[in-house]
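Each value in this text was obtained by applying a stated rule to the coordinates, not by laboratory testing. In this text, all values refer to a predicted model and were calculated from it rather than measured experimentally. Backbone-built Cβ (ideal geometry, glycine too); neighbour counts: all protein chains shown.
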Amino acid sequence: MDDLQHNQIALKLALEVINSSSDIIVICEASPIDKPGPRIVYVNEAFVRETGYSVEEVIGKTPRILHGPKTDQATSKRIRATLEKWQPICEDVLNYKKNGEAFWQSLNIFPVADESGCFTHWVAIQRNITERKLAELANSKMQQSFEVAMQAGGIGIWEWDIVNDVLTWDHGMYQLYGISEQNFPNVYDAWQAAVHPEDRLRADEDIRNAIEIGVFNSEFRVVLPNQTIRDICAHAIVIKDALGVAKKMIGTNWDISKIRARQANIEKIAFFDDLTSLPNQRLFMDRLSQAMLISSRKKNYGALIFIDLDKFKVINDEYGHLAGDWLLVEASKRIKKCLRQTDTASRYGGDEFIVLLGDLSANKDDAKMELQKIAENIRDSLSALYSVPIFDGKTKGNFIRCGCSASLGSSLFFGQQPDSIELIYQADAAMYEAKSKGGNRVKFSKSNLLMTTEDAGLVEDSLEAGKILLNTSNNQLKLAERRYQKLKNKLT
């Protein structure tokens, strides 16, 4: 077999391989590279199957026959620029079939030269990658949606290389902390510096514990550069090597500021008076129970002060409910200013307030002196004149100077004695005695006067206590009984 026959057989085999290939193979003349572009001189059967064009329809045409409305022009320019340098190129391109259907191709083009080194043709091998591209686009959209959802949810992702102390944040973390990437040193201490000073030690302890147990769960506040405070919920897992040495932590930060604000609002509605923002009766009774337990443990006294504004109804009726509401708020502020940090003032209802004093002296006489001093300060503060704004709907800036003193009744407790209902009744009865004497005064429960530390729990008959307090006829005692029952029903 001579060389010619050998070459013919080899060429025939090559053509059979090319035609049986599932990839599109296109051969073009080497020039012109500019428009109209190199002409097609050969396409294999895969080209016909894939594009829908016949061989006759594309021979003599340029590969631009496959271009369509969404073919990327920037990609086409890159291909042409590379061809001008007679260099091979690999690009992903969006082409179109004869029926107008778009499909993605991975395009590999390389030049072919003759024996003299002159480039004569371009050979392009094209593979359909539509499924892969659609999957990539779907993943890209999913990633974008994920990032949008993370940002909308106030979530950031972080990674800490424990060994080298390198902290890596995503865009969401920088947004959470209000820090630009350029201004963040990417070390552990930089994160610590952003944590609220009051939470810093605890957050650091949570991190150190997580390195041991493998899981990080913590809540803390961060202070942004503009001094805004955010509540953060943090979760992470610890990655350890085969020897159990912690190498890195990967986790999230979640902005829970709005959740905390809603919780605080719910708590305010449930436990605080809407007008004065003082603790309501529910919260007050809980604090009274706690104070009694503490009194039992520490063996010291506590006290209640029941307060009723003397002329509130007159002012409220004459100048309207808005003026009355203003007066209640102002009175609550005056009461709070007279108290210690550990004391509690509560709006009991209407124009009545009740004050809880905890942690008084273990000596009854000393405790009573402490109680009297605070009660007198409250009485003195409430007796000062008020400048009540008048809301008549016509004029603004009108005020009326008026007095609204208060009647105060007080009662001591020691541990669980007397019980909470009896204790409130005693203070309430003492307050009524103060009011019956003309108001603007403090009266101490006469039941308390009879009790010592040892016999504080022996007063069981509250009606008898009421009789001692009021020292009046049976008709007045019946009024006291009804008052006591009303208080009891209100508290139980």
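Table for the structure above
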| item | result |
| --- | --- |
| Packing rank of 112-124, 314-326, 366-378, 420-432, where each peptide gets the mean count of other beta carbons within 10 Å, highest leading | 420-432, 366-378, 314-326, 112-124 |
| Segment residue 61-residue 281, extension gain: residue separation times 0.36 nm, minus the distance between their alpha carbons | 70.1 nm |
| Gained length - residue 369 relative to residue 102, 0.36 nm times residue gap less alpha-carbon distance | 86.8 nm |
| Efficiency of FRET from Cβ geometry, residue 78 and residue 39, R₀ 35 Å, rounded to 0.05 | 0.95 |
| Kirkwood-Stokes translational diffusion coefficient of the stretch 156-293, alpha-carbon pairs, 37 °C, 0.692 mPa s, µm²/s | 191 |
| R0 of 56 Å, Cβ-Cβ distance residue 239-residue 19: FRET efficiency to nearest 0.05 | 0.60 |
| Cα→Cβ-extended label distance, 7 Å offset, between residue 384 and residue 193, nm | 4.6 |
| Estimated vicinal HN-Hα couplings, Hz - the stretch 54-66 in sequence order (Karplus 6.51, -1.76, 1.60; Gly, Pro = x) | 7, 4, 5, 6, 10, 4, x, 8, 9, x, 5, 4, 8 |
| Label-point separation in nm, residue 402 to residue 296, each point 7 Å along Cα→Cβ | 4.6 |
| Cα convex hull of the stretch 15-134 - mean projected area over all directions, nm² | 7.5 |
| For 93, 329, 55, order by how many other beta-carbon atoms lie within 10 Å, fewest first | 55, 329, 93 |
| Förster-model FRET efficiency, 51 Å R0, residue 391 and residue 263, C-beta, rounded to 0.05 | 0.90 |
| Full-extension gain in nm, residue 119 to residue 416, via 0.36 nm per residue minus C-alpha separation | 96.4 nm |
| Violating pairs (Cα-Cα greater than 28 angstrom) within the set 77/98; 337/435; 313/368; 311/373; 364/443; 313/364 | 313/368; 313/364 |
| Protection-proxy order for peptides 221-229, 400-408, each taking the mean of Cβ atoms within 10 Å per residue, highest first | 400-408, 221-229 |
| Burial ordering of 40, 89, 269, 259, fewest other beta-carbon atoms within 10 Å first | 269, 259, 89, 40 |
